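The block underneath contains the structure these notes are about, expressed in structure tokens.
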Amino acid sequence: MKDGIIHTELSDDGGYTITIDRPEKGNALTSEMTDQLAKAFSQPPEGARFIVLSGQGDDFCAGRDSPMPKGGQVMSAEAIRARVADPVLAFYETIRNVSLPVICIVRGRAHGVGCALAGLGDIIIADQTADFCIPEMNRDIPPLLVGTALADRLPRAALSRMIYGRESVDAQAAVIMGLASEAVASDELEARIATWRSLLSQNSKTILSTVKRFLNVAPELGFQSLREYAAVSNSAAVSERFIDPNNKSKK
């Protein structure tokens, strides 16, 4: 039997649900699960317009099984990079570059890799049980990989607090620091998810993807470059409805 699996499901509203299923380990990712998750994000089905990422059970994702070599094993910096750093950084890049908006539903622990995963979402809904943490410094490991995922998502002071402080951040604090979009009581969570799904389902895939790409490139561009990018992308996206008058469906 597999130790953890990634489930996917496409709904009629265009929502592509991806569920991390390893609840007995807090949905910590194995190497195989990381590959499955990357594949699910990089190859969404044709009818998908947005992604909903969640964890099975009480936790979102408590991290990943450590790929670090066992004590006493000799490995070069290059070997450690190939084994530890490059795979997860490529994984973060895949999640970041997906062309669809991502709703992350965070219940319980979002630690380490899980915190990075949540932060890479576009709409992060934090249940009142949410617990965000970057604990790597407790093991004398610099969390630069998680930090890379979050560097353009959080202000420096907030990211420094999480890295150096190693403390758990609850849902309300996560909203204040910009790590979550909203904090929700557990008995209101499903209603909020439904609201967001309804909102996104009202837009075409073209418009949703155009906004997603803009949000990804905006932090990296100066105003003049961003101005040109916005003008070209906005015009191209909106022009579809005039080129094809029948293009009013949520394609």
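Rundown of residues vs (1) at pLDDT below 95; (2) more than 17 Å from G15 (Cβ to Cβ); (3) not polar (S, T, N, Q), yes/no style:
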position: F41; (1), (2), (3): no, no, yes
position: P45; (1), (2), (3): no, no, yes
position: A48; (1), (2), (3): no, no, yes
position: L53; (1), (2), (3): no, no, yes
position: A126; (1), (2), (3): no, yes, yes
position: C133; (1), (2), (3): no, yes, yes
position: R139; (1), (2), (3): yes, yes, yes
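The listed residues are R64, R49, and the only one of them that is closer than 26 Å to K205 by Cβ, in contact with a Leu (Cβ under 6 Å, 6 or more places away or on another chain) and surrounded by 18 or more Cβ atoms within 10 Å (Cβ to Cβ) turns out to be R49.
Scan region 208-239 residue by residue and report those that are part of a helix (DSSP H, G or I), more than 20 Å from the chain's Cα centre (by Cα) and surrounded by 14 or more Cβ atoms within 10 Å (Cβ to Cβ).
Within region 208-239, L226, Y229, A230, S233, N234, A237 meet the criteria.
Without any contact (Cβ under 8 Å) to a residue 60 or more places away in the chain, under 15 Å from G119 (Cβ atoms) and of a type in the set (K, R) - does that describe any residue in region 165-182? Taking every residue of region 165-182 in turn, none turns out to be without any contact (Cβ under 8 Å) to a residue 60 or more places away in the chain, under 15 Å from G119 (Cβ atoms) and of a type in the set (K, R).
Only a single item in (1) aliphatic (A, V, I, L, M); (2) more than 18 Å from the chain's Cα centre (by Cα); (3) crowded, with 19+ Cβ neighbours inside 10 Å is not met by I125, and it is number (2). Just need a number here: residues in region 121-164 that are within 23 Å of R107 (Cβ to Cβ), assigned to a helix (DSSP H, G or I) and hydroxyl-bearing (S, T, Y). Total satisfying the criteria: 0.
Would you kindly identify the strands (runs of 3 or more DSSP E) lying entirely within region 1-120 that contain at least 3 residues that are hydrophobic (A, V, I, L, M, F, W, C)?
Per the criteria, 5-10, 50-55, 102-106.
Count of region 18-53 residues, restricted to those that are in contact with a His (Cβ under 8 Å, 6 or more places away or on another chain) and among the β-branched types (V, I, T), is 2.
Can you tell me which residue among T206, T210, T195 is under 19 Å from V52 (Cβ atoms) and among the β-branched types (V, I, T)? Result of the check over T206, T210, T195: T195.
The values are calculated or read from the model by the stated rules, or taken from the named source; none is laboratory data. Just so it is clear, the model here is predicted, and its values are computed rather than measured. Here the Cβ is made from the backbone with ideal geometry for all residues, glycine too, and neighbour counts use every protein chain on show.
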